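Step one of this worksheet: look at the structure below.
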Amino acid sequence: MSAERFEIVRTAERLAAVGPAWAALWRESGALVFQSHAWIAAWWATVPDRERRALQVVLAWRGETLVAVLPMATCRRKGLRLLEWAAKDHTDYGDALLVGDDSGLVRRMWAYLSSAGGFDLVYLNRLLPGAKARALLEPAAAAGVRLRPNHRSDVSFRVAGDWPTGEAWMASQSKKTRQNYRRGQKFIGESGTLRFRLLPPDEPMEPVLLRLADLKRKWLAGNQLESNLYDEGSLALPALVRVLAETGLLRAFVLECDGVVVAVSINFVQAGTMMAFVTTYDPAFERGSPGMVLMMDYIQWSIDQGLHTVDFLCGAEAFKSRFATTSVTLDAFMGRRTLPGAAAMMLDSWNLVVRDMRRRTVKPAPPQVAAASEAA
């Protein structure tokens, strides 16, 4: 076997040039779309604050064949150059891309990137238990920047079971859940004809995406949150959805009332799993819980199609845990390369200590106050 040749992609031009080789590796590996060239390229082409970012994508070649990718990028925050997954804000599961489990190759790529520098601090999050990038946590990876477990973590809720049909899954839910589903359908249906459907591949996505972004902006504003993915005029969401469509993975579900979208879920299917990427609903129909109705509809659809899992991806929102039968913890790791990075890591650890101390020193409420709070 020939020795590897390593390369760090730093420009948009080189990123485009390696597209065919990267796409071939991605297809052979069976990796998630988050590690595909199309996904990373779509992010880089539409990221709104590129002036504070830099590509740091590590490639491993054997001859003319691309054999592995570490899709990394840096983001400048508070004067620090933070190394993270490329497209991290739109990537639920970060990982290296390669065929098989050559942990030694992943570690050599990490050592090469560590030596090249260009960053102060590393923060790699959302690692699944079986992520190939976990090879960087092993003692043998000491040649590069050392990574340590970080206190931050994410959770992924899933629906998984052996129901033969979607109807059987529905029957397994509690009586209250089934009643809430029917009540939601009835409430929404009072305003017009209610219809659940999967958008066909030849239907234009633009109207649905415009509606989704508008509804999402309202929800974010109401919850005092922000996400540039839904900014008016942003090209990011259409670009990412186009990647899902062009790879044949896209499954876009809508709940309509007289043809008007009251809930939408942009999903994709890989490895026998329905993955829910973006979901939102019209707050004007909130009493009917259109998001919940749509979720129950596409869960049933997925089971009827023979899919073994519905994965709600990252986030511990209550609406996800409501139907989940299992969950997976996604770990995060941090490392420092420079003195400013080391100082930032120490500050992060100190903030955690202070937070824990404050929690321990909070006095419990008197019994009568606690009882009143519980009743409320």
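So the values come out like this:
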| read-out | value |
| --- | --- |
| Subset tally (residues that are farther than 17 Å from Pro283 by Cα, of a type in the set (A, V, I, L, M) and modelled with pLDDT under 90) for region 222-236 | 1 |
| Residues of region 291-306 that turn out to be surrounded by 20 or more Cβ atoms within 10 Å (Cβ to Cβ) and of a type outside the set (Phe, Trp, Tyr), as a count | 9 |
| Filtered residue count, region 304-346, keeping only those that are free of Cβ contacts under 8 Å to residues at least 60 places away in the same chain, part of a helix (DSSP H, G or I) and either farther than 12 Å from Arg158 by Cα or of a type in the set (S, T, N, Q) (or both) | 5 |
| Residue among Val145, Val159 that is over 24 Å from Val9 (Cβ atoms), among the hydrophobic types (A, V, I, L, M, F, W, C) and either buried (at least 21 other Cβ atoms within 10 Å of the Cβ) or without any contact (Cβ under 8 Å) to a residue 24 or more places away in the chain (or both) | Val159 |
| Region 213-228: number of residues that are in contact with a helix residue (DSSP H, G or I) (Cβ under 6 Å, 6 or more places away or on another chain), touching a residue at least 40 places away in the same chain (Cβ under 8 Å) and among the hydrophobic types (A, V, I, L, M, F, W, C) | 0 |
| Checking Gly288 against (1) buried (at least 22 other Cβ atoms within 10 Å of the Cβ); (2) over 30 Å from Gly192 (Cβ atoms); (3) not aromatic (Phe, Trp, Tyr), the condition it does not meet | (2) |
| Failed criterion for Asp89 (all others in (1) among the charged types (D, E, K, R); (2) surrounded by fewer than 20 Cβ atoms within 10 Å (Cβ to Cβ); (3) without any contact (Cβ under 8 Å) to a residue 60 or more places away in the chain hold) | (3) |
| Subset tally (residues that are in contact with a Leu (Cβ under 7 Å, 6 or more places away or on another chain) and farther than 20 Å from Asp95 by Cα) for region 306-333 | 0 |
| Matching residues, region 145-163, being assigned to a loop (DSSP other than H, G, I, E, B) and under 30 Å from Gly306 (Cα atoms) | Gly161, Asp162, Trp163 |
| Among (1) on the phi > 0 side of the Ramachandran plot; (2) modelled with pLDDT under 90, the one test that Gly306 misses | (2) |
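The values are calculated or read from the model by the stated rules, or taken from the named source; none is laboratory data. This one's a predicted model, so the numbers in the text were calculated from it and none came from an experiment. Here the Cβ is made from the backbone with ideal geometry for all residues, glycine too, and neighbour counts use every protein chain on show.
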